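Chemist: Encoded as structure tokens, here's the structure I'll be asking about.
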Amino acid sequence: MNLHEYQSKQLFAEYGIPVPAGKPAHSIHEALANASAVKGHGHGWIVKAQVHAGGRGKAGGVRIASSREQLEHIVHDMLGKRLVTRQSGPSGQPVSCVLVEATTDIVREIYLAMLVDRAARRIAIMASPAGGMDIEEVAATEPEKIFTLSIDPVLGLMGYQCRRIGFFLGFDEKQRGQLTAILGAMYRLFIDRDLSLIEINPLVVTRQGDVQALDAKINIDDNALFRQPALEQWRDPTQEDPKESHAKRFDLNYVTMNGNIACMVNGAGLAMATMDIIQLHGGEPANFLDVGGGTNAEKVTEAFKLIVSDQKVKAILVNIFGGIVRCDLIAEGIINAVREVGVGVPVVARLEGTNVEQGYALLAASKLPIITASDLDDAAEKAVAAARSK
């Protein structure tokens, strides 16, 4: 789950990570009131569109207001619109909130992040003296400017590691001390709140020589949200794909993609293999949809509702392995779902496992236009052919 910048900075402040003074606003009136309460160094305010997408600065989502009149114009221009960035997709993200923040007198911009290194099975720190809007280009063209360091889960973050990062960034003694405090706070926050990412881009050095988090991005591990009920209340469904939000309510793992062949599979690994084989046979998957190992008729029906709500879908490939759940029960669920939902595109079904013969018999007896397949290659070929015929 992603947090907005203003929410992330609220957590930063709680853990002692220095951030500029700022307040979120959902209306022009609220933004003007916040401007009166926020004191910068005398050069106006920064107005930041609050969306779950990077690249806001280059897309016009971060702007400077030198007067209250200009602030009002900027907020009016942002609120209620959709911001299109390089990370948002072509339709952009809706802006229902802005952050009105004090300006900062910046001398240097630095990149700092803490994330899960799954290969090393450790939390890693990434730092670069080349922070700011072009950090992705730096990573691609000048990787030597990025320093990575892993944290031992038994020892935790060590002081010498913080000093190594400080020396790499060219900090003086005072700034290395501030960086050590920031990294310690980030590590506590990461562990306490079950995070998967903290990104500060940029971490800045001010004219006064202090280190401050000018931006904040936090991702929370969805699997740990049951331990973080307060943070779960911060979820903003307007920033998520409506189908993906709906899927969560039924414990379905759904991700929208750009193709036209919908997949309904039980098991994440099998779902990945199904998408791969669709592409191998010249098709494009429309989604990742894992209904889970212990699926039932209700979940199958909801899965079909999600699939048919996507206007791009030209065919549906159902690929079920009957281990925990029997194939005949899945077949009954498919039949009921096709009848209830009124699926208007070809459905290709491939079943394997417990009671597979009974499952195929039920599909044949239903007299519904469900195309059965003998194996995964056969299913993919038939799904691609069906999608092309539409």
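Chemist: So residue 63 ticks every box in (1) closer than 29 Å to residue 187 by Cα; (2) not in a loop (DSSP other than H, G, I, E, B) but one. Which box is left unticked?
Modeler: The number of the failed condition is (1).
Chemist: Another question about this same structure. Do the conditions hold for residue 48, that is, is it buried (at least 17 other Cβ atoms within 10 Å of the Cβ), touching a residue at least 12 places away in the same chain (Cβ under 8 Å) and under 22 Å from residue 180 (Cα atoms)?
Modeler: no
Chemist: Given 60, 92, which one is without any contact (Cβ under 8 Å) to a residue 60 or more places away in the chain, at positive phi, surrounded by fewer than 19 Cβ atoms within 10 Å (Cβ to Cβ) and over 17 Å from the mean Cα position of the chain (by Cα)?
Modeler: 60
Chemist: Let me ask something additional. How many residues are among the hydrophobic types (A, V, I, L, M, F, W, C), open to solvent by less than 30 Å² (accessible area, probe 1.4 Å), modelled with pLDDT of 85 or more and within 23 Å of residue 89 (Cβ to Cβ) if we restrict to segment 219-265?
Modeler: Total satisfying the criteria: 4.
Chemist: Across segment 1-21, what is the number of residues that are small (Gly, Ala, Ser), open to solvent by 10 Å² or more (accessible area, probe 1.4 Å) and touching a strand residue (DSSP E or B) at 6+ places or on another chain (Cβ under 9 Å)?
Modeler: 1
Chemist: Under 6 Å between Cβ atoms, which residue pairs at least 6 apart in sequence (or on different chains) link something in segment 261-285 that is more than 17 Å from residue 375 (Cβ to Cβ) and in a strand (DSSP E or B) with a partner that is open to solvent by 50 Å² or more (accessible area, probe 1.4 Å) and of a type outside the set (D, E, K, R)?
Modeler: 285/257
Chemist: Just one of the numbered conditions (1) out of contact with any Asp or Glu (no Cβ under 8 Å at 6 or more places or on another chain); (2) modelled with pLDDT under 95; (3) not polar (S, T, N, Q); (4) not in a helix (DSSP H, G or I) is not true of residue 52; which one?
Modeler: Condition (1) is where residue 52 drops out.
Chemist: Does segment 355-364 contain at least one residue that is at pLDDT 85 or above, in contact with a helix residue (DSSP H, G or I) (Cβ under 8 Å, 6 or more places away or on another chain), closer than 17 Å to residue 303 by Cα and not hydroxyl-bearing (Ser, Thr, Tyr)?
Modeler: no
Chemist: Still on this structure: Is it true that some residue in segment 277-293 is surrounded by fewer than 15 Cβ atoms within 10 Å (Cβ to Cβ) and acidic (Asp, Glu)?
Modeler: Taking every residue of segment 277-293 in turn, none turns out to be surrounded by fewer than 15 Cβ atoms within 10 Å (Cβ to Cβ) and acidic (Asp, Glu).
Chemist: Moving to a separate point now. Inside segment 197-214, can you point out the residues that are part of a loop (DSSP other than H, G, I, E, B) and either in contact with a helix residue (DSSP H, G or I) (Cβ under 8 Å, 6 or more places away or on another chain) or modelled with pLDDT of 95 or more (or both)?
Modeler: 209, 210, 214
The values are calculated or read from the model by the stated rules, or taken from the named source; none is laboratory data. Bear in mind that the values here come from a model prediction, so they are computed numbers and not experimental data. Note that we place each Cβ from the backbone using ideal geometry, even for glycine, and neighbour counts take in every protein chain shown. The area values use the complete protein model at the heavy-atom level, side chains included, leaving out ligands, DNA and RNA. Shrake-Rupley method; radii C 1.70, N 1.55, O 1.52, S 1.80 Å.
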